[in-house]
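The structure appears right after this line, and notes come after that.
The values are calculated or read from the model by the stated rules, or taken from the named source; none is laboratory data. These numbers come from a predicted model, not from an experiment. Reconstructed Cβ throughout: ideal geometry from the backbone, glycine too, with neighbour counts over all protein chains shown. Surface areas here come from the heavy atoms of the whole protein model, side chains and all, with no ligands, DNA or RNA. Shrake-Rupley method; radii C 1.70, N 1.55, O 1.52, S 1.80 Å.
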Amino acid sequence: EKGGYEHFMLKEIFEQPKSIHDTMRGRLIVEEGVIKMAGIWDHIERFKNANRIIIIACGTSWHAGLIGEYLIEEYARIPVEVEYASEFRYRNPIITDKDVVIAISQSGETADTMAALKLAKERGAFIYGICNVVDSSIARITDAGSYTHAGPEIGVASTKAFTAQLTILSLIALKLGKHNGNLGNAEFMSLIAELDAIPKKIEEVLSSTHELVQNIAKDFITTTNFLYLGRGYNYPAALEGALKLKEISYIHAEGYPAAEMKHGPIALIDENMPIVIIAPRKGHYDKIVSNVQEIKARKGKIIAVVNKGDTQVSEMSDYVIEIPQTSECFSPIVASVPLQLLAYYIAVYRGANVDQPRNLAKSVTVE
Ligand code: F6R
């Protein structure tokens, strides 16, 4: 059932071209220039008149939510807040019937997310679900929603569910932006064509980086700390990369917005500190170049995820992982794949049980 792969996690990483395609199927119709999502369309007035959108989730799904915030604010121009379900539910949050809440949950069973939704519902918010497991508890209490069609995710560390969540959030942002006139037709058309090309680009990344990342992993088997840095859309991708490593390899890792480095974490950098830096060409590249210079000056070991043909960041880096270029807003989908592989191989070489890491459960049904 692992389809010839050693672990479910690796199988699920490799399934991503298909799972993303499945998530877009029937929704993204590039030839007609439309995004069809009944759950959004049937409630378009709720979204249009929303004071704000509150995204509620935990863990990896919360990271997807952060990227959703960037997407929805950029393209639909609706204010978005992203909340950890556990913090939201215990702080008497301000919620009104003008709010739209989007819940993101792979399992659809996360206790804190469920409780936060009940609270929001009681106070009159409209609840939209992004779940992977069909007919799960969260899917059932929402007013509407879109399933990620990633297929069953067995590995405890979320991989394909995450990229499917990003796909749904992209579709929602572009659909709302097109509908409310913030996203012009030409830009909409070019973005949907880019999104449609993502499965192919992930296929490319899987084949071009698999062996390379495996070799990089060998150099970090005894490492005890990692930093992950990114800016803009790739800041949450850095958080997610760090979480993947922590969960399955038990190496301490932290994700940071690259610009925050000088406000503290830079003190940690020396020749023993590896820093994974996500630096695609589109998206604050020049700023990232100066961050890399700062790290280099302190002898940090740099593992850079860059676009094909990159020179500036690559020349300063100890390890270079090239990914194809895409729109800035979709770059976390592509950049996440080599980071999943990196966490996977470091964990495998450390002899860890990657599919069932210690202390973790696939769905967290306790608070
Ligand atoms: C990370 C991971 C957890 C989950 C979190 C939320 O790899 O698996 O952080 O993302 O427990 O779970 P769901 O999405 O099922 O609500």
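Figures for the structure shown
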quantity: Count - residues of region 350-366 that are in contact with a Ser or Thr (Cβ under 9 Å, 6 or more places away or on another chain) and away from the ligand (no atom under 12 Å from the Cβ); calculated: 2
quantity: Tabulated pairs, region 278-293, first farther than 15 Å from Ile266 by Cβ, second open to solvent by 10 Å² or more (accessible area, probe 1.4 Å) and part of a helix (DSSP H, G or I), C-beta under 6 angstrom, 6+ apart or interchain; calculated: Lys282/Glu328; Gly283/Glu328; Val289/Gln312
quantity: Complete set of residues in region 155-171 that are at pLDDT 95 or above, part of a loop (DSSP other than H, G, I, E, B) and either more than 11 Å from the ligand (Cβ to nearest atom) or open to solvent by 10 Å² or more (accessible area, probe 1.4 Å) (or both); calculated: Ser158
quantity: Condition met for Ser146 (touching a helix residue (DSSP H, G or I) at 6+ places or on another chain (Cβ under 9 Å), closer than 21 Å to Leu191 by Cβ and not in a helix (DSSP H, G or I)); calculated: yes
quantity: Which numbered condition Lys118 misses (of (1) on the phi < 0 side of the Ramachandran plot; (2) in contact (Cβ under 8 Å) with a residue 24 or more places away in the chain); calculated: (2)
quantity: Residue satisfying condition, being of a type outside the set (Lys, Arg) and either assigned to a helix (DSSP H, G or I) or closer than 16 Å to Met24 by Cα (or both), within set Leu174, Leu183; calculated: Leu174
quantity: Failed condition for Glu204, given (1) over 30 Å from Asp270 (Cβ atoms); (2) at pLDDT 95 or above; (3) within 16 Å of the ligand (Cβ to nearest atom); calculated: (3)
quantity: Number of positions in region 342-364 that are open to solvent by 10 Å² or more (accessible area, probe 1.4 Å) and among the small types (Gly, Ala, Ser); calculated: 4
quantity: Among the candidates Tyr228, Tyr235, residue that is open to solvent by 10 Å² or more (accessible area, probe 1.4 Å) and aromatic (Phe, Trp, Tyr); calculated: Tyr235
quantity: Verdict on Ala139 being assigned to a helix (DSSP H, G or I), over 21 Å from Arg25 (Cβ atoms) and either within 15 Å of the ligand (Cβ to nearest atom) or open to solvent by less than 20 Å² (accessible area, probe 1.4 Å) (or both); calculated: no
quantity: Among (1) under 15 Å from Ser331 (Cβ atoms); (2) open to solvent by less than 60 Å² (accessible area, probe 1.4 Å), the one test that Glu204 misses; calculated: (2)
